[in-house]
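Visitor: Let me give you the structure first, and then I'll get to my questions.
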Amino acid sequence: MLLVEGLAAQYGASQALFDVSLAVGAGEVVTLLGRNGMGKTTTVRAIMGLLPSQGGRITGGALRFEGASLLGAPPFAIARRGLGLVPEGRQVFPTLSVEENLIATARPGRWTLASVHALFPRLAERRRSLGRTLSGGEQQMLAIGRALMTNPRLLILDEATEGLAPLIRAEIWEVLGRLKAEGQAILLIDKNLAAVMRLADRHVVIERGRTVWTGDSAALAAAPEVRERYLHV
Ligand SMILES: Nc1ncnc2c1ncn2[C@@H]1O[C@H](COP(=O)(O)OP(=O)(O)O)[C@@H](O)[C@H]1O
Ligand SMILES: [Mg+2]
């Protein structure tokens, strides 16, 4: 489905990605792991066409989604091809209501206001509230709901459980498990190793802009040196 091969990228003159490769197949949950500043968010921005808006650009490698290159495509066109992003820091629209946030980028499909409300009942209760008045957990639910409303073939989540209270975090892991059970393809960035090892089919570890290890949860469990060297756990 998604194929990233030898991806290189820089911000101005500063190179952030050197050689990132990863693949996500239909129905797969794949994680992108690595310590802070290693290039996870930059990889996601490259996939989504968001580097130019950050003063960055892709300088090498290939990005393909369902066989067609994503290189040079603007963010709206990439979203329309079926990639949905829950961005780092949530980035809900502060002056739009919850419902307006959900509808703003929606496309028809399995996920509608009603099905997102069923998934996150709190968003139904808060539907008239402005984005900026939500708690962190509510904003995160809204960011996930908004991405689902685009009915993505591949859902990408960048640190979606970061900084949340344990109960809300648990609710989000539970939702991700339900999405996986439905066959939703997911590329996941998250620091909670125990949770991602339960959920994901495969893991891709990056270090200073390079893919340095790939394997399934059993292989990662059996590789304490990988966890210590690249993940500090
Ligand atoms: N908008 C930006 N402009 C310049 N440099 C950036 C920008 N965003 C990230 N970087 C740099 O790129 C590198 C990778 O960052 P990032 O992709 O955010 O890492 P991660 O998501 O793994 O924490 C870091 O050295 C970071 O300082
Ligand atoms: Mg990041």
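Visitor: I want the local charge near residue 23. Using Cβ-Cβ distances under 10 Å, sum +1 for each Lys or Arg and -1 for each Asp or Glu among the other residues.
Guide: Cβ neighbours under 10 Å give a net charge of 0.
Visitor: Related question: Around residue 65, what is the net charge, scoring Lys/Arg as +1 and Asp/Glu as -1 over all other residues with Cβ under 9 Å from its Cβ?
Guide: Net charge around residue 65: +2.
Visitor: Also: Mean residue ellipticity at 222 nm from the helices of the chain, using -39,500 (n - 2.57) per DSSP H segment of n ≥ 4 over the full residue count, to the nearest 500 deg cm²/dmol?
Guide: The helix contribution divided over the chain gives -9000 deg cm²/dmol.
Visitor: At a 1.4 Å probe, what is the % contribution of carbon and sulfur to the accessible area of the chain?
Guide: Values: 5470 of 10110 Å².
Result for the chain: 54 percent of the exposed heavy-atom area is carbon or sulfur.
Visitor: At 7 Å along the Cα-to-beta-carbon direction for both residue 151 and residue 100, put a label point, then send me their distance in nm to one decimal.
Guide: Here the answer is 2.5 nm between the modelled labels.
Visitor: Turning to a different aspect of this structure: If the viscosity is 0.692 mPa s and the temperature 37 °C, what Stokes-Einstein diffusion coefficient in µm²/s follows for the chain when Rh is the Kirkwood radius over Cα pairs?
Guide: Working: Rh = 17.9 Å.
After rounding, the answer is 183 µm²/s.
Visitor: Whole number please: convex hull volume per residue, Cα atoms of the range 9-101, in Å³. Provide the component values of the computation, followed by the final result.
Guide: Numbers: hull volume 12.3 nm³, N = 93.
In the range 9-101, the Cα hull volume divided by residue count equals 132 Å³.
Visitor: Determine, from the Cβ-Cβ distance of residue 170 and residue 135 and an R0 of 25 Å, the FRET efficiency 1/(1 + (r/R0)^6), rounded to the nearest 0.05.
Guide: Working: r = 16 Å, r/R0 = 0.62.
FRET efficiency, residue 170 to residue 135: 0.95.
Visitor: When ligands, DNA and RNA are left out and all protein chains stay put, how many square angstrom of accessible area per residue does the chain have with a 1.4 Å probe?
Guide: Working: 10110 Å² over 233 residues.
Here the residues of the chain average 43 Å² of exposed surface.
Visitor: List, largest first, the extents of the alpha carbons of the range 84-152 along their principal axes, each in whole Å.
Guide: 29, 24, 17
Visitor: What number, in percent, do you get for the relative contact order of the chain if the mean sequence gap of Cα pairs under 8 Å and at least 6 apart is divided by its residue count?
Guide: Relative contact order comes out at 28 percent.
The values are calculated or read from the model by the stated rules, or taken from the named source; none is laboratory data. Just so you know, these numbers come straight off a predicted model, no measurement behind them. No Cβ is skipped: glycine too gets one built from the backbone with ideal geometry, and neighbour counts run over all protein chains shown. Just the protein is used for accessible areas: all its heavy atoms, side chains included, with ligands, DNA and RNA removed. Shrake-Rupley method; radii C 1.70, N 1.55, O 1.52, S 1.80 Å.
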